[in-house]
Each structure stands twice: as structure tokens, then as C-alpha cells.
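See below for the structure under consideration.
The values are calculated or read from the model by the stated rules, or taken from the named source; none is laboratory data. From a predicted model like this one, the values you see are computed outputs, not experimental measurements. Ideal geometry is used to build each Cβ from the backbone, glycine not excepted, and the neighbour counts take in all protein chains shown. We work out accessible area using only protein heavy atoms, side chains counted, and drop any ligands, DNA or RNA first. Shrake-Rupley method; radii C 1.70, N 1.55, O 1.52, S 1.80 Å.
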Amino acid sequence: MIQDLKNAINEASVISFDIFDTLVVRPFLRPIDLFLQIENDYSIDGFFQERLDVELFLRERIIQSGLDVEITYNQIYDEMPSKYKYLKNIEIAYELKYCIPNEIILNLYRYAVKQNKIILISSDMYLPKEVIEKILVNINVIFYNKLYLSNDLKVSKADSSTFDMIKSDFNHIKSEHILHIGDNYSTDYINAIQSNIKAYHVDNIHDVFKKSHSIFSTLLTNSSTQNDLEFSKIFGFLAIEYSKKNYFNDLDKIISQFIFPIVLSFNKYIINFCKKNQIKKILFASRDGYIFKEFHDCFFHDDTIISEKFFISRRAVTVPTLDFSSLTDCSIFAQGMEGSTALEIWNNFEIEDEYLKNEFILLSDDSNISYKDILSMLKTFFDLHADKIKHHYERERKNILSYLESIGYFSSSVVVIELGWKGSLQNAINKIGENSNKNLFPKWLYLGTRDDIFIDIKKDAFGHLVHEGYPNKLQEEIRFSCNYIELLFGAPNYSVKTVKLNSDNEFEPVYFASNKEEEKRIDINRKIHENCLYIGQLYKKYHENFLDMKVENVQTLLHEYIVGINGHTTNLFMDIKVSENFQNTNYKNIMPPMQSILTELEQTRADLIERTETLEQTRADLIERTETLEQTRADLIERTETLEQTNADLIDRTETLEQTNADLIDRTRRLE
């Protein structure tokens, strides 16, 4: 496009530039959201809509009257309700503040100046001429021959009268040597062509962003995003930044359009919660809360609230709190270990006890133990040795408790920030406190919580985008893509194994040992964090304050990202593997949602087949047992009949004997 425009400029003698969305742009997804910014900054409800309605009303009136081609700024504020009239000068100040140069077109303007072309500036606009001139000065457009402003000269590109005036003013130059450049296809291009003036249509940078760069093109045009000022600010400034670069890779797009808005939204949620609940300290989970803390410290720092890293992990707080008695305890050690040997499973305990080690290894000599058999092994082992195992972890449990006390964890004026989803860390830590007679616990704020969150922590766990499984559809989408989501928000360091006291008697984290799989993940996370903070700094060049985004729009952002993972993310993370257990030992390729769904369906299918076979065997056993019972019944009936016959024979014999006896008695009497 650039070279084509330069060639067109070279061939022309007069170059006319449109102003709004051509030479200048506003850092909003919709330019009219400048009015929404005023409404927000001055807390005056209704200004945005009233301002649009008045302008529309006046434009319809001049069209119907046919007496004019453009409304004026004074007419707009003459028509505005009295409570908004004081904003007249403020709106001008905001136009001067937010009208920034479109670098691509500005460079073409400079090129035309260097080529000694006649430069014209034209705009169909209600703003006063002196305001337009200030805007042009602000973007360093000071060399031009004439400004064609509709409300000043009473001509318009919409009815081609501006082009007629240009041809008249420069009648010594053939019209085919006049070039007009603008973004409106109808007024800047078609009307110019029909006036026998050469024209070049430049795409509005926001439209280009929506069509060519955005991974959320559907969302950007949804009515749900209207009146969401922060959404407009984020994607508006991104459109400008994208227009300055020729290439954005997939990771750039994910960071700027997905991670940045979600990190911003969650941080606003956190800070609002803290102010509402008089929170004095925020503890950010060291891995899944890392990016939120970095962003908080850079852009949401508050001297009245302390922010600290919270060195925890599943391994650090779960193992020391286990009773080693339930199947849930068994599953913690079994998770992700299927296909392992007994020794590999034992190593996860990190217990130096040869007796216990030998006892465990003797439970199986299989080199590829199934998950079901691992659970059975662990249950048997825990039933026999629970007390000995807990004894080995007692020091670690006390260490964790001391660490929690040292950072002031047990307080209602503290909040903990975590990604999600079931609250296992919160539940485990609270157990440590309850077992030590603690009665005050902090609230935990999550990006999302599931509907099966631990019941004991429900009242103190709050989900931002998903709360206790609502909305359910988003919960299910997260369930099948949580590895991807956790990858994007993870910390650029190794996971915490536990904490220990250093030589200064201060607690410090103990990390898992390095490995090549973690190095790959850390490299991705480092890029994500650096670029996300950079995007935040760029944002601050355009806008002063971060505002709340509508939760439903952030939810849709997360939904659309998950739905699109197979298209824009799979190849990016195809070499990344994640550990499926808390000891970071078994690593498997991260799976996209669809593959996760298929894997789960395959597992469900296998489980159903196994269950069906079991049911069929049970049915066969029941049939066999039924046949046995029926045969037994038949035998009993036959035996009963035999006994009844025997009984009848006995009765007959008894009767015969009794008759014989009677006969003998009678005979005896006669003999006597």
C-alpha cells in the first residue's frame, strides 16, 4: 500500500488528505467512545447517549431542510440539555488530547511535502476551524495550502461540493492530477472518482485490525462490547500499535489481545475487592499469581496495601497436611504416575527410610503399573505405615506453619491471589491453621472456581470470571484447556518445593531442580511477562487510567480464546510439556481442548467397556447362581415330595399298626 500511494503522489500535483481516521485517529475501538470517556471521567450519566442523539437529530434536520451541508459545534451544544452544557469546552479539550497521528498517513504527508506537492486538508466535521488547526499542529501537520472544512466553507465531500471547490480553486491543474486520500469509501473515494479526481481509499486502522490482526474478530463487532469503555480503549490502542508494525507473531497476538486484557481485568477486580474490604496485604501465589503481581506493582501500586510473593505449591502445602488414610490422599501421589515402577512412585515421597522404601517396593514388581493398581498399593501402604510417614513430614509441616505465621497469613485483612480452580491449596493451608487452633483466615481471589470447590473454603473463595462453576459452559471449556491457560499465566521460574530458613533466619523458597522441559516453559513465560508489561506501558501512553471491563466481555474473550486454541496456539506450544504430578517428574505434551476432550472420551469409553465387561461377568455369575438356585429348588421340591410320600407311608403304617394293635387288644379280651 505504501509504495502504491507514493507512486500515486509522484504522479499528482495536488494532494488532498482527509483528517479523521486518516491523518489522525483516536485510541478507541469506536471513535464515539471519546464521549463515553468524558461521561466516565466526569461521572455524569447519560452524556454519551444524549451527545449522539443530539448530533443525529441535527444531521437529520439539515438533510430534511436542504439548507446546509454541515452542523456546527455551537448548534450541538445549543441543543444539549443544560446539565451537559458545561462540557462544551471539555469535549474540545478531549479532542485535542485524544486525536493522535496515524503514523502511516503522516509519513505519506511528509513525503508529499518533500516532493513539493500542493497539500490540501479536507474534512466533513462540526468542530470549529481553530480546533481543527490545533489538532493539525499537534500532529505536526503545518505545511498545507488550504483547509477545506465543511462547517467553515459550507461544502461537503458527502455531496461532492468540496471536490468541486478544489477543482475550481486549482482550475489551472487538470483534475486527473489531483489526488484525494481518505478512509471513507463513499465520500472519500467514490465521490472523488465521480468528480474526476483521482482517489485512494485507505482502510481505517480499526477495521484493518478487526479483519486482519484480531484473534477475536467476532467479539470486536459484538453489540455486547458497546458501552464497554475499557474494552474500547484496549483494542483501540492495540489497533494503532498494530498499524505501526508489519508483523505480529501468534505469541504477540495472544499476549496483547488475550493475556493483557485478562490480567488487567483481574487486577481491577483485586484492587476493587481490597478497597471494599479494607485489605492491608495481598499475597500473590508465587507461580500462578506471578504475572498478576508484576502487573499490580507496575500499574496498581497502592501505598496502603502491601503486596508480597507467596511461596507455595501443591507439593509444599499438601503433602505435610495429609492424613495418609483416604483414597484422596492416595490419588495425590498417584496422579500422573501411571506407567511407573514402584521405585519411581516411592521417590515422590522424598523420605530417607530404607525400611519403608523396601516395604513399598515389595508391593509390586510391575514395570508399568496402572493408575488403579497404584491407588491400591498406596492404600495398602498407608494403612500399614501412616504414622511413620506422617512423622517424616512433621518437621516440614511445622516449617510451613512458621512461614505462614511470619507473613501474617492468618488474618482477615489479607487476600491471596491464585489462578484457580478447585481451591486445593487454600484447603490444605487452612487445614494447617485449623490443626494449630487458628481462627482467622484470608479470602482467596481466583480467576475462576469450579462447582466442586472444597466445601470448607467456599465462603472464603471468590472467582472473577467463573464462580463455583458459573457460567457452567465456560467452566467446562476451562476444564478441557486448563493446561494451556495455566501455561500462559505461569511464572518464569521453577516451581516451589517447600520453604526453609536461611542463614539470616528468614524464609526462602526451595525450588525443584532444573530440567529441559521446565526450561522451555520458563522461556515462554518470560516472553509473556516481559511483553505483557510492555503492552501495559504502551497503553499508558494513550490512556491514563485502567477501568473495569464488563465481566461478560472478559468471559467471552476467554471463551473465544479457548475455542480458537486449535487454530492459533497448538503449533506455538507443540514442544511444551507439563508435569502431571506435584513432583514435576512425569512430563507429557500439552494437549489442546479438542484432544483433551477426545482423550477423556476415550478414557470414558475404556471405563465403560471395562464396566460393561464387569457387568456382563456379574450377569453371567447371577445367571449361573440362579440356575444353581433353581436346581437346588427343584431338588428341594423333589425331596419335599419324597418326604411327603414317606410321611404318607408312615401315616399309613401307623394306622395299620394302630389297627393291628386294636385287633390284638380285642383278641386278648376274647381269649380272657
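Points to keep in mind about this one:
- Residues of the stretch 276-289 that are touching a residue at least 12 places away in the same chain (Cβ under 8 Å), outside any strand (DSSP E or B) and among the basic types (Lys, Arg): 280, 287.
Matching residues to (1) assigned to a helix (DSSP H, G or I); (2) open to solvent by less than 100 Å² (accessible area, probe 1.4 Å); (3) modelled with pLDDT of 90 or more; (4) of a type in the set (A, V, I, L, M, F, W, C):
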position: 628; (1), (2), (3), (4): yes, yes, yes, no
position: 633; (1), (2), (3), (4): yes, no, yes, no
position: 639; (1), (2), (3), (4): yes, no, yes, no
position: 644; (1), (2), (3), (4): yes, no, no, no
position: 651; (1), (2), (3), (4): yes, yes, no, yes
position: 655; (1), (2), (3), (4): yes, no, no, no
position: 661; (1), (2), (3), (4): yes, yes, no, no
position: 665; (1), (2), (3), (4): yes, yes, no, yes
position: 668; (1), (2), (3), (4): yes, yes, no, no
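- Boolean, residue 497 is surrounded by fewer than 16 Cβ atoms within 10 Å (Cβ to Cβ) and in contact with a helix residue (DSSP H, G or I) (Cβ under 7 Å, 6 or more places away or on another chain): no
- Test: residue in the stretch 506-514 that is among the charged types (D, E, K, R), surrounded by fewer than 20 Cβ atoms within 10 Å (Cβ to Cβ) and modelled with pLDDT of 90 or more: yes
- Pair list, Cβ < 8 Å and 6+ apart or interchain, from the stretch 515-535 residues that are at pLDDT 90 or above to residues that are open to solvent by 90 Å² or more (accessible area, probe 1.4 Å): 520/575
- Of everything listed in (1) part of a helix (DSSP H, G or I); (2) touching a residue at least 40 places away in the same chain (Cβ under 8 Å), the single unmet condition for residue 27 is (1).
- Filtering the stretch 465-490 to residues that are of a type in the set (Lys, Arg) and either over 21 Å from residue 285 (Cβ atoms) or surrounded by 18 or more Cβ atoms within 10 Å (Cβ to Cβ) (or both) leaves only 473.
- For the stretch 515-542, a tally of residues being closer than 30 Å to residue 25 by Cβ and open to solvent by 60 Å² or more (accessible area, probe 1.4 Å) returns 6.
- Qualifying residue in the stretch 513-530 (condition: of a type in the set (Ser, Thr, Tyr) and not in a helix (DSSP H, G or I)): yes
- The stretch 295-321 - residue that is without any contact (Cβ under 8 Å) to a residue 60 or more places away in the chain and among the aliphatic types (A, V, I, L, M) and, of those, least open to solvent (accessible area, probe 1.4 Å): 305
- Residue list for the stretch 489-513, restricted to those being hydroxyl-bearing (Ser, Thr, Tyr) and under 29 Å from the mean Cα position of the chain (by Cα): 494, 495, 498, 511
- Screening the stretch 209-254 for residues that are open to solvent by less than 10 Å² (accessible area, probe 1.4 Å) and charged (D, E, K, R) and picking the one that is farthest from residue 269 (Cα to Cα) gives 233.
- Any helices (runs of 4 or more DSSP H) falling wholly within the stretch 195-251 and containing at least 1 residues that are farther than 30 Å from residue 164 by Cα and under 21 Å from the mean Cα position of the chain (by Cα): 217-220, 229-244
- Applying the set (1) free of Cβ contacts under 8 Å to residues at least 12 places away in the same chain; (2) among the charged types (D, E, K, R); (3) not in a helix (DSSP H, G or I) to residue 500 leaves exactly one unmet item: (1).
- Residue 54 of a type outside the set (Ser, Thr, Tyr), touching a residue at least 24 places away in the same chain (Cβ under 8 Å) and crowded, with 21+ Cβ neighbours inside 10 Å: no
- Residue ID - nearest to residue 394 (Cα to Cα), chosen from residues in the stretch 353-380 that are in contact (Cβ under 8 Å) with a residue 24 or more places away in the chain and open to solvent by 70 Å² or more (accessible area, probe 1.4 Å): 371
- Condition met for residue 417 (part of a helix (DSSP H, G or I) and open to solvent by less than 10 Å² (accessible area, probe 1.4 Å)): no
- Listed here are the helices (runs of 4 or more DSSP H) enclosed by the stretch 69-124 that have at least 2 residues being open to solvent by 50 Å² or more (accessible area, probe 1.4 Å) and either closer than 21 Å to residue 202 by Cα or at pLDDT below 95 (or both): 103-114.
- Residues of the stretch 536-563 that turn out to be of a type outside the set (Asp, Glu) and either more than 17 Å from the chain's Cα centre (by Cα) or part of a loop (DSSP other than H, G, I, E, B) (or both), as a count: 13
- Set side by side, the residues 292, 324, 260 differ, and just one is assigned to a loop (DSSP other than H, G, I, E, B), open to solvent by less than 10 Å² (accessible area, probe 1.4 Å) and touching a residue at least 40 places away in the same chain (Cβ under 8 Å), which is 324.
- Matching entry among 142, 166 (being buried (at least 17 other Cβ atoms within 10 Å of the Cβ) and closer than 26 Å to residue 95 by Cβ): 166
- Residue within the stretch 420-431 that is in contact with a helix residue (DSSP H, G or I) (Cβ under 9 Å, 6 or more places away or on another chain) and more than 14 Å from residue 318 (Cα to Cα) present: yes
- Residue pairs whose Cβ atoms lie under 9 Å apart, sitting 6 or more positions apart in sequence or on different chains, and linking a residue in the stretch 423-436 that is among the charged types (D, E, K, R) to a partner that is modelled with pLDDT of 90 or more and not in a helix (DSSP H, G or I), are 434/441.
- The listed residue being of a type in the set (Asp, Glu) and touching a strand residue (DSSP E or B) at 6+ places or on another chain (Cβ under 6 Å), out of 18, 45, 33: 18
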